[in-house]
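One structure is given below, encoded as structure tokens.
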Amino acid sequence: MIKESVPIINKLGLHARAAAKLSHLANTFQSEIYLIYNEDRINCKSLLGILTLAASLGNAIAIEIDGQDENEAMTGIIDLFKRKFDEES
Amino acid sequence: MIKGLLITHGQLGKELIATAETILETKVDLECISLDWTEDGSHMIHKIENYVKKNAENAIIIFTDMFGGSPANICFRFNQENIEIITGINIAGLLKFLTSRNKKVDLKEFARSIKKGATDDINIISEYLGEKSK
């Protein structure tokens, strides 16, 4: 199991379209993937679960991944955060 | 894959589908029947009958916009083994359906999970934040 923290740097935070991209990406991996924010821990493969975090710009999210492709999953997910979910130049 | 049919007053269903497609950035397999404000519903019943007949081999979830409204009342007659009808659908419930419909689950359990996703999404922000708004 691996765990890392990533800052939210896109203006709109984990809003609907970003959450859709994130859950879609998470579902391409076999590993179990969880996001931890404040006191909530949710399944990253659930779009609605991600939205319940109401996570906004300037905050950090912890990512916890457990499974055979955990390293690949962590790299891909952190890259998506860094790319601002491809919604900002 | 579980089929989905959205039945609403006016253009609400079409807008829900357009919103879901924008969020998911893909076209979705979801049909919509709109109840024209001037019609008595007989035309809608005929359209639903055709949809159900066309998809007789599939499990179907019919979504309507409001319990007690004409679209929901009309759908009561379609309550049968391969069909679940969910009233009061919102965009959260629709997204739950669209992102989970490929998983092999019992239809009734799936319908319950959609209802939960839709109702859990309704929040009073002052309560969510743990303080009274002034």
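The values are calculated or read from the model by the stated rules, or taken from the named source; none is laboratory data. Just so we're clear, the structure is a prediction, and the values are computed from it rather than from any experiment. A quick note on method: Cβ atoms are made from the backbone with ideal geometry, for glycine too, and the neighbour counts reach across all protein chains shown.
Some points to look at:
- Hits in segment B:25-46 - residues which are part of a loop (DSSP other than H, G, I, E, B) and aliphatic (A, V, I, L, M): B:VAL28, B:LEU30
- Selected residue [touching a helix residue (DSSP H, G or I) at 6+ places or on another chain (Cβ under 9 Å), at pLDDT below 95 and hydroxyl-bearing (Ser, Thr, Tyr)] from B:SER113, B:SER70: B:SER70
- Filtered residues of segment B:1-24 (kept if outside any helix (DSSP H, G or I), of a type in the set (S, T, N, Q) and touching a residue at least 24 places away in the same chain (Cβ under 8 Å)): B:THR8
- Filter result for B:GLY41 (touching a helix residue (DSSP H, G or I) at 6+ places or on another chain (Cβ under 8 Å), surrounded by fewer than 20 Cβ atoms within 10 Å (Cβ to Cβ), at positive phi and not aromatic (Phe, Trp, Tyr)): yes
- Matching residues, segment B:64-93, being within 13 Å of B:SER113 (Cβ to Cβ) and within 14 Å of chain A (Cβ to nearest Cβ): B:ALA92, B:GLY93
- A:GLU32 falls short on exactly one of the conditions (1) within 17 Å of B:ASP120 (Cβ to Cβ); (2) surrounded by fewer than 18 Cβ atoms within 10 Å (Cβ to Cβ); (3) of a type outside the set (A, V, I, L, M, F, W, C), and that condition is (1).
- Matching residues in segment A:31-69 - criterion: being away from every other protein chain (no Cβ under 14 Å), touching an Asp or Glu at 6+ places or on another chain (Cβ under 9 Å) and not hydroxyl-bearing (Ser, Thr, Tyr): A:GLU32, A:ILE33, A:LEU35, A:ILE36, A:ARG41, A:ALA62, A:ILE63, A:GLU64, A:ILE65, A:ASP66, A:GLY67
- Residue in segment A:61-84 that is surrounded by fewer than 16 Cβ atoms within 10 Å (Cβ to Cβ), part of a loop (DSSP other than H, G, I, E, B) and free of Cβ contacts under 8 Å to residues at least 12 places away in the same chain present: yes
- From B:ILE62, B:ILE23, B:ILE74, B:ILE83, residue being surrounded by 15 or more Cβ atoms within 10 Å (Cβ to Cβ) and touching a Leu at 6+ places or on another chain (Cβ under 6 Å): B:ILE62
- Taken together, the criteria place B:ILE48 among residues that are under 14 Å from B:ILE85 (Cα atoms), more than 14 Å from every other protein chain (Cβ to nearest Cβ) and out of contact with any Asp or Glu (no Cβ under 6 Å at 6 or more places or on another chain).
- One residue from B:LEU30, B:LEU35 being touching a residue at least 60 places away in the same chain (Cβ under 8 Å), more than 14 Å from every other protein chain (Cβ to nearest Cβ) and surrounded by 14 or more Cβ atoms within 10 Å (Cβ to Cβ): B:LEU30
- Residue match in segment B:14-26 (condition: at pLDDT 95 or above, more than 14 Å from chain A (Cβ to nearest Cβ) and over 12 Å from the mean Cα position of the chain (by Cα)): yes
- Residues that are more than 9 Å from chain A (Cβ to nearest Cβ) and either without any contact (Cβ under 8 Å) to a residue 12 or more places away in the chain or touching a Leu at 6+ places or on another chain (Cβ under 8 Å) (or both), drawn from segment B:99-113: B:LYS103, B:LYS104, B:VAL105, B:ASP106, B:GLU109, B:ARG112
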